[in-house]
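Quick notes on the structure that follows.
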Amino acid sequence: MAIEWHKKELVAKLRAISEQLVEKYPISFVILFGSYAKGKVNNLSDIDLGVFLNRDSKIAYFDSLLTLKTLFEEQLKTEQIDLVIINNAPPVLKFEIVAKGILIYCKDRNEFDNQYLQACSEYFDFKFILNRNYQYVRDKIRESASNE
């Protein structure tokens, strides 16, 4: 079970942790998303964090994920951290994080703005294709049902 945090307290703690971590790790920005960001916390809620790494970083994303997740868990004294490296997140998840999350730390506002625009563009391109596929499946189901 996660430690229950008040939103302001959690944001302040995450900001302080992020400011320490950027001294050693190539973090461009950190975002709180999910139930804590939406203010819909329950006893099953974990702390969802999105981290965007500097583009010129030579550190492997998976290694960064494990290292940063462990460091946030140690500082927050909970294992209920779900950390996503935004750089390689799927379009829908990237959009959820960047467009709907709370920006905790930002080293380069231009980079954040560029990633926000890219996430929106990828999401709406993907959503258009997904909607077409859903419509095709619905049409096939209706067609199949009418033939019975």
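Bear in mind that the values in this text are calculations on the coordinates, not laboratory data. No experiment lies behind these values; they were computed from the predicted model shown. Counting neighbours? That spans all protein chains shown, and the Cβs are built from the backbone with ideal geometry, glycine included.
If T70 satisfies every condition in (1) of a type in the set (S, T, N, Q); (2) within 21 Å of F112 (Cα to Cα); (3) without any contact (Cβ under 8 Å) to a residue 24 or more places away in the chain but one, which is the exception?
With respect to (1) of a type in the set (S, T, N, Q); (2) within 21 Å of F112 (Cα to Cα); (3) without any contact (Cβ under 8 Å) to a residue 24 or more places away in the chain, T70 is out only on (2).
Quick one: which residue in F128, F124 is aromatic (F, W, Y), over 18 Å from the mean Cα position of the chain (by Cα) and over 20 Å from A37 (Cβ atoms)?
F128
Taking strands (runs of 3 or more DSSP E) that fall entirely within segment 30-148, which contain at least 3 residues that are surrounded by fewer than 19 Cβ atoms within 10 Å (Cβ to Cβ)? Show your work before the answer.
Working: elements: 47-53, 81-85, 102-106.
Once the strands (runs of 3 or more DSSP E) in segment 30-148 are filtered for at least 3 residues that are surrounded by fewer than 19 Cβ atoms within 10 Å (Cβ to Cβ), what remains is 102-106.
Please specify each residue of segment 89-121 satisfying the condition of being basic (K, R) and more than 15 Å from the chain's Cα centre (by Cα). Outline the logic, then answer.
Just the residues of segment 89-121 that are basic (K, R), to begin with: 94, 100, 107, 109.
Scanning segment 89-121 gives K107, R109.
Would you point out the residue of segment 1-29, among those that are in contact (Cβ under 8 Å) with a residue 60 or more places away in the chain and of a type in the set (G, A, S), that is surrounded by the fewest Cβ atoms within 10 Å (Cβ to Cβ)?
Checking each candidate, the answer is A2.
Which of the following residues is of a type in the set (S, T, N, Q) and closer than 12 Å to V51 by Cα: N110, N88? Show your work before the answer.
Numbers: N110 fails: closer than 12 Å to V51 by Cα.
Step by step, each of N110, N88 is checked, and only N88 is of a type in the set (S, T, N, Q) and closer than 12 Å to V51 by Cα.
Residue check: is V92 hydrophobic (A, V, I, L, M, F, W, C) and touching a strand residue (DSSP E or B) at 6+ places or on another chain (Cβ under 9 Å)? Please lay out each step first, then the result.
Details: hydrophobic (A, V, I, L, M, F, W, C): yes; touching a strand residue (DSSP E or B) at 6+ places or on another chain (Cβ under 9 Å): no.
So V92 fails the test.
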